[in-house]
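Reviewing the structure listed below.
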Amino acid sequence: MKRNRIAIILVIVLGALSFWFTTHNTKTTLSKGLRDFAIKDTGAVTKIFIANKNNSTVTLEKQKPGVWKLNSKFFARADAINTLLETMKNIEVKSPVGKNAQENVIKDLAAGGIKIEAYEGDKLVKVYYVGGETMDLMGTNMLLVDPETMKNSSVPYITYIPGFDGYLTTRYSASEAEWRDKAIFRYIPPEIKSIKVEFPIHPGNGFEINNLPGARFEVRSLSDNMPLKNVDTMAVKQYVSYFQDIEYEAIEKLDKSFKDSIIASTPLNTIAITDMKGVTNSIKIFYKNGKPDKIDPVTNKPEVYDKDRIFALINNGADFVTIQYFVFGKLLQPVGYFTPKSIVKK
């Protein structure tokens, strides 16, 4: 009986000592300081810097809740930002990298790891390197850095997100193109001061919409610069609302001489939106040649122009992109679209 009591006491003492060493020994590989990759309050994060070993960098800066700027030039994709923030919040450690593999993983992180820095205001709150996936593709190798001393942890970890099957490396891309918002126009009606749409090939179709006090809109014909006397108010309001979410399909990387020849041609349309701050966002739209092997069902001849897509010069001439008629066609209405339609009596 006495021996059992002594054995129980020894177990308790050894257990207490083990717990104390685990929680107080800062050199242990299971120390919280070496494995705490998550950011509990991602709502407080104001800037994220991402860099890879190919000298590609991305700086994401919060403008207001839900709105982030990319490299101080473009707006960032909201869905990509949300995915990144959710990753940074929910990331957990599965286990340390096995001792036999640690040296190779650290070398891989040094050679090809992606560096992540997260800030709250001017304060650097989290730094770590993201490496490749594990053999089973269910974890990601990462190495934490002390944001105060900038010293690397000596132990890399395998991280994951509970409930997610896969690795996390692709969520930390340092490619500007992957973060960039594809929006051409993203305005709510009260933000718009004017919309000017020109038809260089058919100038009589051009118009300008002006936002007047009292949530009223004026439509002017560009052919005589006179306001329309009879205006379909609902058609105008509906048209202005179309500019809330208009995106391009892809940035075109064409041969320079071919692209220059397109830009030098007469545009199909030009659209310029001026916001309430006086900033103008203008684009030019051009026909896209049809595919020689595609037959026009009306003429029964090879298609001259692509009926599904058109080219556009956007961001005031900075980018040449492809846009879809399905998305953009509703913006290319002639001035007559805003006049009341005659009622046919039976």
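The values are calculated or read from the model by the stated rules, or taken from the named source; none is laboratory data. Values in this document were obtained by computation on a predicted structure and should not be read as measured data. For neighbour counting, all protein chains shown are included, and Cβ atoms are generated from backbone atoms with ideal geometry for every residue, glycine included. Just the protein is used for accessible areas: all its heavy atoms, side chains included, with ligands, DNA and RNA removed. Shrake-Rupley method; radii C 1.70, N 1.55, O 1.52, S 1.80 Å.
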Counting only residues that are at pLDDT below 95 and of a type in the set (Phe, Trp, Tyr), how many does the range 66-89 have?
-> 2
Just a yes or no: is a residue in the range 228-236 modelled with pLDDT of 95 or more and among the hydroxyl-bearing types (Ser, Thr, Tyr)?
-> no
Looking at 255, 293, 306, 319, which is the one that is in contact with a Lys or Arg (Cβ under 6 Å, 6 or more places away or on another chain) and among the acidic types (Asp, Glu)?
-> 306
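Results for (1) open to solvent by 40 Å² or more (accessible area, probe 1.4 Å); (2) polar (S, T, N, Q); (3) under 24 Å from residue 74 (Cα atoms); (4) part of a strand (DSSP E or B), shown as yes or no for each residue.
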site: 170; (1), (2), (3), (4): yes, yes, yes, no
site: 174; (1), (2), (3), (4): no, no, yes, no
site: 201; (1), (2), (3), (4): yes, no, no, no
site: 224; (1), (2), (3), (4): yes, no, no, no
site: 261; (1), (2), (3), (4): yes, yes, no, no
site: 267; (1), (2), (3), (4): no, no, no, no
site: 270; (1), (2), (3), (4): no, yes, yes, yes
site: 274; (1), (2), (3), (4): no, yes, yes, yes
site: 281; (1), (2), (3), (4): no, yes, yes, yes
Could you grab me the full set of residues in the range 291-318 that are in contact with a strand residue (DSSP E or B) (Cβ under 6 Å, 6 or more places away or on another chain) and open to solvent by less than 50 Å² (accessible area, probe 1.4 Å)?
-> 310, 311, 312, 313, 314
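Could you tell me whether residue 154 is in contact with a helix residue (DSSP H, G or I) (Cβ under 9 Å, 6 or more places away or on another chain), polar (S, T, N, Q), surrounded by fewer than 17 Cβ atoms within 10 Å (Cβ to Cβ) and modelled with pLDDT under 95?
Yes; evaluated as a whole, the condition is true for this residue.
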Only one of 126, 69, 53, 107 is open to solvent by 40 Å² or more (accessible area, probe 1.4 Å), assigned to a strand (DSSP E or B) and basic (Lys, Arg); which?
-> 69
What number of residues in the range 227-258 are within 29 Å of residue 74 (Cβ to Cβ), open to solvent by 40 Å² or more (accessible area, probe 1.4 Å), in a loop (DSSP other than H, G, I, E, B) and not acidic (Asp, Glu)?
-> 2
Do we find that residue 328 is open to solvent by less than 30 Å² (accessible area, probe 1.4 Å) and either β-branched (Val, Ile, Thr) or assigned to a helix (DSSP H, G or I) (or both) in this structure?
-> yes
For the range 132-145, does any single residue satisfy the condition of being closer than 25 Å to residue 103 by Cα and of a type in the set (D, E, K, R)?
-> yes
Which one of 245, 255, 275 is modelled with pLDDT of 95 or more and of a type in the set (Asp, Glu)?
-> 275
